[in-house]
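Peer 1: One structure follows; several queries about it will come next.
The values are calculated or read from the model by the stated rules, or taken from the named source; none is laboratory data. All values derive from a computational prediction rather than experimental measurement. All Cβ positions, glycine included, derive from the backbone under ideal geometry; neighbour counts span all protein chains shown. Quick note on the areas: whole protein, heavy atoms, side chains included, nothing else; ligands and nucleic acids left out. Shrake-Rupley method; radii C 1.70, N 1.55, O 1.52, S 1.80 Å.
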Amino acid sequence: MGWTIGVDVGGTFTDFYAANDETGIFHVGKTSSTPSNPADAILNGLVALCGQYEIPMDKINRLSHGTTVGTNALIQRTGSTVALITTKGFRDLLEIGRQTRPHMYDLQKDHPTPLVDREHRIELRERIGAAGEIVHAPDAKDIAAAVDKAIESGAAACAIGFLFAFRNPEHEQQVAAVLRERAPHIAVSMSSEVQPEFREYERLSTTVLNAYLQPVMWHYLETLEHGVAERAPNAILGISQSSGGLMSPHRSRELPVRTALSGPAAGTVGAAHVARQTDRRNVITLDVGGTSADVALIRDFKIDIAFDRDVAGFPIRLPCVDVETVGAGGGSIAWFDRDGLLKVGPISAGADPGPACYGKGGDRPTVTDANILLGRLSSRGLLDGDMGLDVPLSQAVFKPLSEKLGFTNERTAHGVLGIMVANMVRTIRIISVERGHDPRDFVLMPFGGAGPLHARDVAISLGITEMVIPSAPGIVCAQGLLVSDLKEDFVVSRRFALDEAGTSTLASSVTELSASALQWFDAEKAPLESRNLDLVIDARYAGQNFELAVPVVSGATIEQSDLPDFASLHAAFCAAHETAYGYASEEDPIEIVNVRLSASAKLHEEGARSASDGDLAVPQPRETRLVFFDAEKSVEAKVYSRADLKPGHSIVGPAIFEQLDTTTLLYPGDVAKVTPDGHLIIQIDANAGESA
């Protein structure tokens, strides 16, 4: 019996989700992260998990890993020294950018300092035209001189980005070949390989970020590969990428920038898997951790993808799961602004010292302290009692807030949670209402360590009447890694009209992309029966600045005969434009600027479902305690161990479900039912009581 394991590395904890490939049995685990070397927590935690649940390490078939190494290197500016070779006249493009302010109402806030010092930006006299024709070929002496400067800079990596390299990579390849021959110790990133799309600033920025991360990720992944090979010799290692799929360690070393947003992506993939198991096609995800909350849309079981994101202030042009983030988490601090109004977040107590109730020196009121005061969290502590919480410390830090407001501690704590909920609701409206989607048509799926504590209040605010709580909410990111597909994205940047003649250009582009996808499938040894291709076009009305992604066709293979006709493509774009902007024109000319092909191969097969043992009697609660579900009074709620709930059980609130990774609230009148996969479906009774 083989095992598949997902490992998600967070700032505080490293999470594990292990599933048996035949029986469907799963185990979860947590261990403290080791920021100085994240591989230590993965390897030590893997050994501990296998020892605890008697998993033979030689029976691990696959280990999927989501990493924050690249993200942290960008945030903390701990990447490598980078040189840049670019087209003559474009040396300062990284600083010029789009000439937009990073914050509209802050005249002092500036863009982050470029990752390449100006003296390390090297110009080369070359030019390729917009159609891909060679206007001026670089001289061999000029190439040698540029390479000399890159070597003399002492850089550990070099980014190469020429103006129209996305149409013709010949000049970039010439420079890269000389650099690799003369300085094989320098990592090389070419824009034509990292992301061959138009918009030179975003393409160059993404290429520089990739070069900045290459040496760091190379060392980390090499250490991890060796460690996994020693302990689990039969395990294939997969690395999560920002688009929600897995790639090989070799590909990750070449394109580490693709891992920059892999954490939120893995959580959304895990949520989509739970959505399929519970047959909920349209879902709003709410991933609440210690510092922030991530929200995303799942429509028809599919995750929305965006192509323009930023990490630590740097723009990235890559396929990424479309996630919005707000500074609202368990560690978010309640504070008074200069206007005298109470605010919650984005300032966070983090993991150290953390909330006051952790007893590690925190002296400011946080969301976790508020939940303790309201009885929503047990004073026994987190991690199923292994991490104690000190109630008197929470009372002490809330007292100044309560005195200033003239409220009791409990009413103040309830107000703090209300502000946090309002922040999350505003963020959900960005990805739903502002994009033409009615939240009432969706199910809310909270996860993360703090998601199920606050989700009901969010749902009421949005008019949502049903929630799905995954079986292991705090481990959903790790579970998402386990069920992720092998994935690679291909793109051709080619501007042409969407008309009868343009369909032939589209067909030739699809032929080119399909050939690349087939080569990738074969190189990655992707299973033949699980291969899939998704074709998308980026289109816009002529004269628009930005384009919309329009799905075209999917299948195991895509031939020219599979492409829809011009009228169908035109109608699909107009429908997408109507949804996004509220209007569409049937007469205005449309142009295509990118053709994208996403290749994926399913690696995970669903195991057997749990079956009811026939005894649907509600289990005995472990205790009862007073809980404030509203601001006025507490009610007695039964506290259950989530592990005691079996498929088919149905419980009416008020109740609390506690488990290793989170606590779930069941409000008075709400009904929770356990699915065959161990998930909770909660039907909300909006008339049964006030929510925060």
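Peer 1: Could you count how many residues in the range 366-389 are on the phi < 0 side of the Ramachandran plot, modelled with pLDDT under 90 and outside any loop (DSSP other than H, G, I, E, B)?
Peer 2: Residues flagged as on the phi < 0 side of the Ramachandran plot, modelled with pLDDT under 90 and outside any loop (DSSP other than H, G, I, E, B) within the range 366-389 amount to 2.
Peer 1: What about ARG440, is it assigned to a helix (DSSP H, G or I), closer than 18 Å to THR291 by Cα and not β-branched (Val, Ile, Thr)?
Peer 2: So ARG440 does not fit the description; no.
Peer 1: Looking only at residues in the range 617-653 that are closer than 15 Å to SER378 by Cβ and in a loop (DSSP other than H, G, I, E, B), which one is least open to solvent (accessible area, probe 1.4 Å)?
Peer 2: Ranking the qualifying residues of the range 617-653, first place goes to PRO621.
Peer 1: Do we have GLU123 as in a helix (DSSP H, G or I) and farther than 12 Å from HIS171 by Cα here?
Peer 2: Taking the combined requirement at face value, the residue does not satisfy it.
Peer 1: While we're on this one: Does the range 250-260 contain any residue that is assigned to a loop (DSSP other than H, G, I, E, B), open to solvent by less than 10 Å² (accessible area, probe 1.4 Å), under 19 Å from ARG429 (Cβ atoms) and touching a Ser or Thr at 6+ places or on another chain (Cβ under 8 Å)?
Peer 2: No, that holds for no residue.
Peer 1: Let me ask something additional. Quick check on my filter: what residues within the range 654-674 are modelled with pLDDT of 90 or more, open to solvent by 20 Å² or more (accessible area, probe 1.4 Å) and in contact with a helix residue (DSSP H, G or I) (Cβ under 6 Å, 6 or more places away or on another chain)?
Peer 2: Residues satisfying the conditions do not exist here.
Peer 1: Let me ask something additional. So which of ALA507, ALA575 is farther than 28 Å from ARG167 by Cα, in a helix (DSSP H, G or I) and either hydrophobic (A, V, I, L, M, F, W, C) or under 24 Å from the mean Cα position of the chain (by Cα) (or both)?
Peer 2: None of the others qualify; the one that does is ALA575.
Peer 1: With the checklist (1) assigned to a helix (DSSP H, G or I); (2) open to solvent by 10 Å² or more (accessible area, probe 1.4 Å) in hand, flag the one item VAL416 doesn't pass.
Peer 2: That leaves (2) as the condition not met.
Peer 1: Just one of (1) open to solvent by 20 Å² or more (accessible area, probe 1.4 Å); (2) more than 18 Å from ALA265 (Cβ to Cβ); (3) not in a loop (DSSP other than H, G, I, E, B); (4) not aromatic (Phe, Trp, Tyr) trips up LYS487, so point out which.
Peer 2: (2)
Peer 1: On to the next question. Where residues in the range 95-130 are aliphatic (A, V, I, L, M) and at pLDDT 90 or above, which of them is surrounded by the most Cβ atoms within 10 Å (Cβ to Cβ)?
Peer 2: It comes out as VAL116.
Peer 1: Which condition number in (1) under 30 Å from ASP438 (Cα atoms); (2) touching a helix residue (DSSP H, G or I) at 6+ places or on another chain (Cβ under 9 Å); (3) not polar (S, T, N, Q) is the one that ARG276 fails?
Peer 2: (2)
Peer 1: Whether any residue in the range 422-436 is surrounded by fewer than 20 Cβ atoms within 10 Å (Cβ to Cβ), on the phi > 0 side of the Ramachandran plot and either out of contact with any Pro (no Cβ under 8 Å at 6 or more places or on another chain) or outside any helix (DSSP H, G or I) (or both) is what I want to check.
Peer 2: For the range 422-436, residues surrounded by fewer than 20 Cβ atoms within 10 Å (Cβ to Cβ), on the phi > 0 side of the Ramachandran plot and either out of contact with any Pro (no Cβ under 8 Å at 6 or more places or on another chain) or outside any helix (DSSP H, G or I) (or both): present.
Peer 1: Please find, among ALA328, ALA312, ALA306, ALA293, the residue that is touching a residue at least 40 places away in the same chain (Cβ under 8 Å) and either out of contact with any helix residue (DSSP H, G or I) (no Cβ under 6 Å at 6 or more places or on another chain) or farther than 25 Å from PHE442 by Cα (or both).
Peer 2: Of ALA328, ALA312, ALA306, ALA293, the one residue that is touching a residue at least 40 places away in the same chain (Cβ under 8 Å) and either out of contact with any helix residue (DSSP H, G or I) (no Cβ under 6 Å at 6 or more places or on another chain) or farther than 25 Å from PHE442 by Cα (or both) is ALA312.
Peer 1: Right, next: Mind listing just one residue for me: the one in the range 26-76 that is more than 16 Å from ASP15 (Cβ to Cβ) and in a strand (DSSP E or B) and, of those, least open to solvent (accessible area, probe 1.4 Å)?
Peer 2: Within the range 26-76, the match that is least open to solvent (accessible area, probe 1.4 Å) is ILE60.
Peer 1: Same structure, new question: Please go through the range 314-362 and pick out each residue that is of a type in the set (A, V, I, L, M, F, W, C) and either open to solvent by 50 Å² or more (accessible area, probe 1.4 Å) or more than 25 Å from the chain's Cα centre (by Cα) (or both).
Peer 2: ALA334, TRP335, PHE336, LEU341, LEU342, ILE347, ALA356, CYS357
Peer 1: For the range 558-584, give me each residue that is farther than 20 Å from VAL433 by Cβ, out of contact with any strand residue (DSSP E or B) (no Cβ under 7 Å at 6 or more places or on another chain) and not aliphatic (A, V, I, L, M).
Peer 2: GLU559, GLN560, SER561, ASP565, PHE566, SER568, CYS574 - these are the residues of the range 558-584 that are farther than 20 Å from VAL433 by Cβ, out of contact with any strand residue (DSSP E or B) (no Cβ under 7 Å at 6 or more places or on another chain) and not aliphatic (A, V, I, L, M).
Peer 1: Here is a follow-up. Pick out the one residue from ALA176, ALA159 that is in a helix (DSSP H, G or I), touching a strand residue (DSSP E or B) at 6+ places or on another chain (Cβ under 9 Å) and of a type in the set (Gly, Ala, Ser).
Peer 2: Just a single option satisfies the conditions, and that option is ALA176.
Peer 1: Before we move on, is ALA177 of a type outside the set (Asp, Glu) and within 27 Å of THR78 (Cα to Cα)?
Peer 2: So ALA177 fails the test.
Table: residues versus (1) among the β-branched types (Val, Ile, Thr); (2) crowded, with 17+ Cβ neighbours inside 10 Å.
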{"position": "LEU513", "(1), (2)": "no, yes"}
{"position": "GLU529", "(1), (2)": "no, no"}
{"position": "VAL553", "(1), (2)": "yes, no"}
{"position": "ALA556", "(1), (2)": "no, no"}
{"position": "SER561", "(1), (2)": "no, no"}
{"position": "PRO564", "(1), (2)": "no, no"}
{"position": "ALA571", "(1), (2)": "no, no"}
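Peer 1: Count, please, the residues in the range 270-290 that happen to be surrounded by 22 or more Cβ atoms within 10 Å (Cβ to Cβ), of a type in the set (S, T, N, Q) and not in a strand (DSSP E or B).
Peer 2: So the count comes out to 0.
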